[in-house]
Structure formats: C-alpha cells, structure tokens
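The values are calculated or read from the model by the stated rules, or taken from the named source; none is laboratory data. Note that this is a predicted model, so its numbers are computed, not measured. Because the Cβ atoms are built from the backbone with ideal geometry, glycine has one as well, and the counts that use them run over all protein chains shown. Note: areas computed on protein heavy atoms with side chains; ligands, DNA, RNA excluded. Shrake-Rupley method; radii C 1.70, N 1.55, O 1.52, S 1.80 Å.
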Amino acid sequence: MDTTKTADPTAPETDTAEPRTTEAEAGLKDAPAAESAEAARAPEADLTDEDLTDEDLDDELHDELDESEARPEGVGSAASAVVAAGLGLVALSGSWVSRVIAERQTLVGQIESVNAATTEAKIEALYGDAWHMTALVNGVLSTLALLLAVFVLARPAFGAPGRTLPTWVRAVSWAAVALGALGVLLFGLMYFDILAPLPKAA
C-alpha cells in the first residue's frame, strides 16, 4: 500500500515572500514630496514683473530715486566743505590775488606820493593803501569760506528729514567755520587799523 501523500490541489498555496516595490513605483511616490519641498524652499523664485503689484513697483522706484538723489547731495556737500576749508586756509596764509592787488596799489601809491604834502600822506600812499587792500581781499575770501561752511552745515535741515552729513564732512565744515571766522576777525581789525595801525612820522 502506497503511504505517500500528494499535495491537495485545492489547498491554497502559501507565499512566504515579502511584497517588493519596484524602483519606478518608489520614484513616483517620492516625486510629489520633492516638488512640495522645492516649492516651500523658494516660494518667491517664480515671481515675475507681472506678479508684482503696483505698490511694490512704486516702492522700488522711490528707493532708487532716493538713492540717486542722495548721492549728488552728499558729493556736493563734501566738495563744498573741502573748498570752504581751503579758502579759509588760503586767506589766512595770504593768497596770490591779494599779493598782486597789493603790489598794484603800491605802484599807484608811489605815483601819488609825488604830490603828497606831508610824510604821513606819503606813508599812507606807499604802504597803508596796499596793506588795506591785502586785508580787504583776504577778508572777502574768509567771508566766503565762512558762508559756504555754514551753508553746508545747514543744508540737511532744509532737505529730506532723517538725512545727515557724514562725520568727516561735518568736521571739515566746522574747521572751515573756525578758519573763516578767524580770518574775518583778523582782517577786519587790520583793515580798520586797530590791530596793526600805520606808524606815525616823527
């Protein structure tokens, strides 16, 4: 008697293998997640000029105009401060213009001294007029330096609120104010014969 048993064809076959997903299916599952992460990282990357509102464009335009207006104003203020300081320094040290005018006035005084009746008149014609012209020209230069420096310092008060001059521009402007004020005081006293009066003849 044959005791071997054959498999029952009606019995369900048990599949012990684990289900495997193909690479294509895995890629399809990961694609939406990658797209959502990329969109979250750069939400504004795909914005174009059409997506921007009129308010955003106006703000950008105003910012560009403010920057373009601030640059010329800053350069002009810096140049004016340097010029003012230079004028004040030149006035105190003696300018070429004042020297030429003084020499011309000395020549005129020599011509006029021929007809001078007294010694004091001759001294006035030969030296006094030339000294006065030197003090006058240098005093005018000092006044210009002072006015220009004051204008630079006062300019931000009449411009847009919140704008200030750089530190070095303010420092140079204050130095020009000091030089100009000193020159105006000094040459004013010299012009009116208070600081260095003409000598008297014996």
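Counting only residues that are modelled with pLDDT of 95 or more, give me the helices (runs of 4 or more DSSP H) lying completely in the range 107-202 with at least 2 of them.
Result: 129-154, 167-191.
Could you check the range 92-106 and list, in sequence order, the residues that are assigned to a helix (DSSP H, G or I) and either small (Gly, Ala, Ser) or in contact with a Gly (Cβ under 6 Å, 6 or more places away or on another chain) (or both)?
Those that are assigned to a helix (DSSP H, G or I) and either small (Gly, Ala, Ser) or in contact with a Gly (Cβ under 6 Å, 6 or more places away or on another chain) (or both): LEU92, SER93, SER98, ALA102.
Given the residues LEU107, LEU89, which is the only one that is under 23 Å from LEU189 (Cβ atoms) and open to solvent by 80 Å² or more (accessible area, probe 1.4 Å)?
LEU89
Being open to solvent by 50 Å² or more (accessible area, probe 1.4 Å) and touching a Leu at 6+ places or on another chain (Cβ under 6 Å) is the filter here; which residues of the range 128-162 pass it?
LEU144 - this is the single residue of the range 128-162 that is open to solvent by 50 Å² or more (accessible area, probe 1.4 Å) and touching a Leu at 6+ places or on another chain (Cβ under 6 Å).
Tell me yes or no: at least one residue of the range 125-133 is acidic (Asp, Glu), touching a residue at least 24 places away in the same chain (Cβ under 8 Å) and in contact with a Lys or Arg (Cβ under 8 Å, 6 or more places away or on another chain).
No - not one qualifying residue is present in the range 125-133.
Go through the residues of the range 124-147 one by one and say whether even a single one is among the polar types (S, T, N, Q) and more than 20 Å from PRO197 (Cα to Cα).
Yes, the range 124-147 contains at least one residue that is among the polar types (S, T, N, Q) and more than 20 Å from PRO197 (Cα to Cα).
Collect the residues in the range 163-202 that are among the small types (Gly, Ala, Ser) and surrounded by 19 or more Cβ atoms within 10 Å (Cβ to Cβ), keeping them in residue-number order.
Passing the criteria: SER173, ALA176, GLY180, GLY183.
May I ask you to verify whether ALA121 is of a type in the set (Gly, Ala, Ser) and either surrounded by 14 or more Cβ atoms within 10 Å (Cβ to Cβ) or free of Cβ contacts under 8 Å to residues at least 24 places away in the same chain (or both)?
Considered against the rule, which asks whether it is of a type in the set (Gly, Ala, Ser) and either surrounded by 14 or more Cβ atoms within 10 Å (Cβ to Cβ) or free of Cβ contacts under 8 Å to residues at least 24 places away in the same chain (or both), ALA121 comes out as yes.
In the range 72-86, which residue that is hydrophobic (A, V, I, L, M, F, W, C) and open to solvent by 30 Å² or more (accessible area, probe 1.4 Å) is farthest from the chain's Cα centre (by Cα)?
VAL83
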